[in-house]
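The values are calculated or read from the model by the stated rules, or taken from the named source; none is laboratory data. In this text, all values refer to a predicted model and were calculated from it rather than measured experimentally. Here the Cβ positions follow ideal geometry from the backbone for every residue, glycine too, while neighbour counts run over all protein chains shown. Side chains included, ligands, DNA and RNA excluded: accessible areas come from the protein's heavy atoms. Shrake-Rupley method; radii C 1.70, N 1.55, O 1.52, S 1.80 Å.
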Amino acid sequence: MGRGGIRPWEAIGRYRRYWLSTFILLPAGGAALVLHRVLADRLPPGLEIPTLVIFALLFAWISAGFWTALVGFVLLIRGTTDTAPGSPERRLAEPRPRSRVAILMPIYNEEVERVAAGLQATYKSLQQAGALAHFEFFLLSDTRDPAIWLREELVWSALCQALDAFGRIHYRRRPINNKAKSGNVADFCRRWGRDYEYMVVLDADSVMNGETLYRMLEMMEGNPQVGIIQTQPLAVNRETLYARLQQFAQHVYGPIFSAGLRFWQLGDGHYIGHNAILRTAPFTEYCALPVLPGRAPLGGPLLSHDFVEAALMAKSGWEVWFVPSLPGSYEEVPPTLIDDLKRDRRWAQGNLQHLRLLAGEGLRSAHRFLFINGAMSFLAAPLWGLFLILGALGSLHWANASGDGRMGLFDWHGLADPVPFWLVGITATLLLSPKLMAVLWVLYQRNQRERFGGVLHLTVSMFFESLFSILMAPIRMAFHSQFVLQTLMGSGVRWGGQVRGDQETSWREALRTFGWCSALGLVLTGTLYPLLGIWHFVWLIPILGGLTAAVPIAAWTSRPSLGRWARRHRLFVIPEEVRVPPELRALAADSVAYLPHIDGDPFVQVVVDPRFNAIHTALQRNRTSAWPRAASLCHKALEKGPQELNSRERNILLSDRQSMLALHRAVWSMADRERLAAWGLADEAD
């Protein structure tokens, strides 16, 4: 496996990260010293020191993104992919006849039709690539809602029948969904992992190209030292204006960041939990998630699992590679700002938990940095907030000290001191230049211009995307700060289902969720303008404007009609909309033609319908320990009718094969017309 000494890419990676650290730390320290020169005679140490520390941290974090984008831009312009020694792209091997890959799709109370459509599109793509023999599919359900659960079984059966895929597409529902998605995958590894050398983990909204899946298998076969290969999923298929903004940003800006990340990471790459291939045996052996000491939210089970699993795999000597050059990997983004922030709430808690793993023995430095960077993506929000508060306090202090109620922290009179402008300009350059580099990269590729709507529409799209990003940044800052404070104060969050389809945010919901942001923006505007004066207040307009407009931004950007209007006018266009890939065409074409129809209550139908009852009971076990309770529930259902059973009671019956067979026989044996009517069988009594 080649895990004994230093691998060829490791020396290269250390050299590159040494320079990255230098580029991050030295400018941050230099900028802090320059700021110290401005503040030294204007602020007391109690305000100056925390201002300098926070400024240095934020400057370093921004610098990391800038240098990553710059390196990626240079690599792409040069037309070279970073294939260092040991890169899995350099060694491909034809899969052995007995190589088997399990494609896992964990689901939890999902829209079943969309899940089936995505699985079908991936299945057909593999079939067309001639690679289906190596792959099997597993729908791994953690669904709690009995109606959705039964729908999953019917759709799975219909899908297998339509594709002639019984024995190749499998369905399993866990009776107890402990540890959410990571527990679902771990349960598969314990039960069936030994039968599959590799597994590909997908999200419920994932779609992958068959040739890409086969290429990933070739990479794993040719690189026995590799434990994980992660693709870069591209966001597609959303219609709301908010989602179209996110899709456009990812497609335009993503390539340079992805190329830069690959340059720094090499074989110490990241894993995002889906659209990746994993070597099953080491994942099962080494990647069991630790339970943190103490109580949730900072203790207990880890809420965010993927970065930790990559770190544990690398700690055990296996390589983890991010390969952004692999095409044909797709996902869908949250449709609204509210849904995006709900997901961020869970990620905030999980990423803050990762900080407790930093001192873990044997972790590689690259993965410690990933933990820090992940936490900083949320800690940066309260740090920016503190920096702004300290700046306002500093301005008020200097105004009082100077005797001019409208004089701020920096002496703007005559623009005598250019240093503050230089600091603001450098910070803005670090933040905005990656977007300009990304657009230049698109324009550099003549064949890509029209796939983003043409030069004019691409430029206009970038301008409006940047404007929306600026306006939404303070909203995210406010909510991320709230998430961090809630986590630190002991308020946790549970893993929940995600919204997959397009939906609108009503004005009432926007006001309920974002009203405090708009109120905060109005209060700060009314308070700060008289204190700071026009020259200082103008710098706060983007922040205060974004906060004040939080409610209309959340409502308007959730509108699919505005997203479709933008698409008709060639704004925020992505290449997959200009030339739709075959697997995405299949997703939209015949995805629901074969799906079964359920009339009324699914629980009633699974009891009454002989075919549905046979499908369901074949997937269950006899739970003898639950029979006394189940027997009393059977009696209740038969005497009082199925409508008297709650969801928990229905789940108990549905989980026991013997109960469902007994109910089926008993219902069809009843002669009482009134009782038969409760099961939709009144006509059978005639």
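Given +1 on the Cβ of Lys and Arg, -1 on the Cβ of Asp and Glu, and no further charges, what dipole in debye does region 53-171 carry about its Cα centre, rounded to the nearest 20?
Magnitude of the dipole: close to 540 debye.
List the aspartates and glutamates whose Cα lies under 14 Å from the Cα of LYS640, skipping any in the same chain that are fewer than 8 positions away.
Partners found: GLU649, ASP672, GLU674.
Over all pairs of distinct alpha carbons, what does the Kirkwood formula give as the hydrodynamic radius of region 418-476, in Å?
Answer for region 418-476: a Kirkwood hydrodynamic radius of 13.0 Å.
Explain nothing, just compute: Karplus ³J(HN,Hα) = 6.51 cos²θ - 1.76 cosθ + 1.60, θ = phi - 60°, for every residue of region 651-666 in order, whole Hz, x for Gly and Pro.
5, 4, 5, 5, 7, 10, 4, 4, 5, 5, 5, 5, 4, 4, 5, 5
What is the angle, in °, between the Cα long axis of helix 419-444 and the longest principal axis of the Cα atoms in the chain? Nearest 10 is fine, range 0 to 90.
On a 0 to 90 degree scale, this one is about 50.
Under 5 Å between amide hydrogens, which residues at least 5 positions from TYR198 or on another chain qualify, with H placed 1.01 Å from N in the peptide plane?
When sequence neighbours closer than 5 places are left aside, the close amide H contacts are ARG100, ALA102, THR280.
So how do GLU239, GLU153 rank on accessible area, 1.4 Å probe, biggest first, that is with the largest at the start? Mind showing how you got there, number by number?
Numbers: GLU239 40, GLU153 0 Å².
Of GLU239, GLU153, the descending order of accessible area is GLU239, GLU153.
Considering only protein heavy atoms, with the full assembly of protein chains and a 1.4 angstrom probe, order TYR196, TYR286, TYR18 by accessible area, largest first.
So the residues, ranked largest to smallest area, are TYR18, TYR286, TYR196.
Under a 1.4 angstrom probe, counting protein chains only, how are TYR529, TYR15, TYR253 ranked by accessible area, largest first?
Result of the area sort, largest leading: TYR15, TYR529, TYR253.
Would you mind classifying the chain by shape? Square roots of the alpha carbon gyration tensor eigenvalues, ordered a ≥ b ≥ c; an a/c under 1.5 is rounded, otherwise it is prolate if a/b is larger than b/c and oblate if not.
prolate
Relative to the first principal axis of the alpha-carbon coordinates of the chain, what is the inclination of helix 306-315, with its axis defined by its Cα atoms, in degrees from 0 to 90 and to the nearest 10?
80 degrees
Tell me which residues come under 5 Å, amide H to amide H, from LEU234 once H is placed; ignore anything under 5 positions away on its chain.
SER329, TYR330, GLU331
Taking amide hydrogens as modeled 1.01 Å from N in the peptide plane, which residues meet the under 5 Å criterion relative to PHE322, leaving out close sequence neighbours?
Result for PHE322 returns GLN230, GLY269, HIS270.
Per residue, how large is the accessible surface of the chain? Use a 1.4 angstrom probe and give square angstrom.
About 44 Å² of surface per residue is accessible.
Sorted by packing (mean other beta-carbon atoms within 10 Å per residue), highest first, where do 84-91, 658-665, 39-46 land?
For the peptides 84-91, 658-665, 39-46, the packing ranking is 658-665, 84-91, 39-46.
If a/c stays under 1.5 just call it rounded; otherwise compare a/b with b/c (prolate if a/b is bigger, oblate if not). Do that for region 273-373, with a ≥ b ≥ c from the square roots of the Cα gyration tensor eigenvalues. Each step should come with its number before you reach the end.
Details: a/c = 1.87, a/b = 1.05, b/c = 1.77.
It is oblate, given that a/c is not under 1.5 and a/b is not larger than b/c.
Give me the percent of the accessible area of region 304-357 that comes from carbon and sulfur atoms, probe 1.4 Å, all protein chains in place.
Whole-percent figure for carbon plus sulfur exposure: 54.
How many angstrom lie between the Cα centre of region 334-372 and the Cα centre of region 213-273?
One Cα centre to the other: 18 Å.
Using only alpha carbon pairs under 8 Å that are at least six residues apart, calculate the relative contact order of the chain and give it in whole percent.
Value for the chain: 17 percent.
Leaving out ligands, DNA and RNA, and with a 1.4 Å probe, what % of the accessible surface on region 522-579 is carbon or sulfur? Intermediate results must be reported in sequence, preceding the final value.
Numbers: 2170 of 2970 Å².
Answer for region 522-579 is 73 percent, counting heavy atoms of protein chains only.
Which order do peptides 130-141, 270-281 fall in by mean Cβ count within 10 Å, highest first?
270-281, 130-141
Might you report the magnitude of the Cβ-based charge dipole of the chain about its Cα centre, with Lys and Arg at +1 and Asp and Glu at -1, to the nearest 20 debye?
1060 debye
Quick check on region 105-232: take the gyration tensor over C-alpha atoms, sort the square-rooted eigenvalues as a ≥ b ≥ c, and tell me if it's rounded (a/c under 1.5), prolate or oblate.
Taking the square roots of the gyration eigenvalues as a ≥ b ≥ c, region 105-232 is oblate.
Which log10 I(q)/I(0) values does region 1-120 give at q = 0.12, 0.21 Å⁻¹ under the Debye formula, counting every alpha carbon as one identical point scatterer?
The Cα Debye sum returns log10 ratios of -0.82, -1.14.
What are the lysines whose alpha-carbon lies under 26 Å from the alpha-carbon of LYS124, with same-chain residues fewer than 8 places away excluded?
Reachable lysines: LYS181.
Let me have the 222 nm mean residue ellipticity of the chain computed from DSSP H runs of 4+ only, each contributing -39500 (n - 2.57), with the sum over all residues rounded to the nearest 500.
About -19500 deg cm²/dmol.
Check the straight Cα-Cα distances from LYS179 and name the lysines below 21 Å, setting aside those fewer than 8 residues away within the same chain.
The qualifying lysines are LYS342.
Restricting to the chain, what percent of DSSP beta bridges are antiparallel, rounded to 5?
Beta bridges within the chain, antiparallel portion: roughly 30 percent.
May I ask for the angle, rounded to the nearest 10°, between helix 507-532 and the longest principal axis of the chain, with both axes built from Cα atoms and the value confined to 0 to 90°?
Approximately 10 degrees, to the nearest ten.
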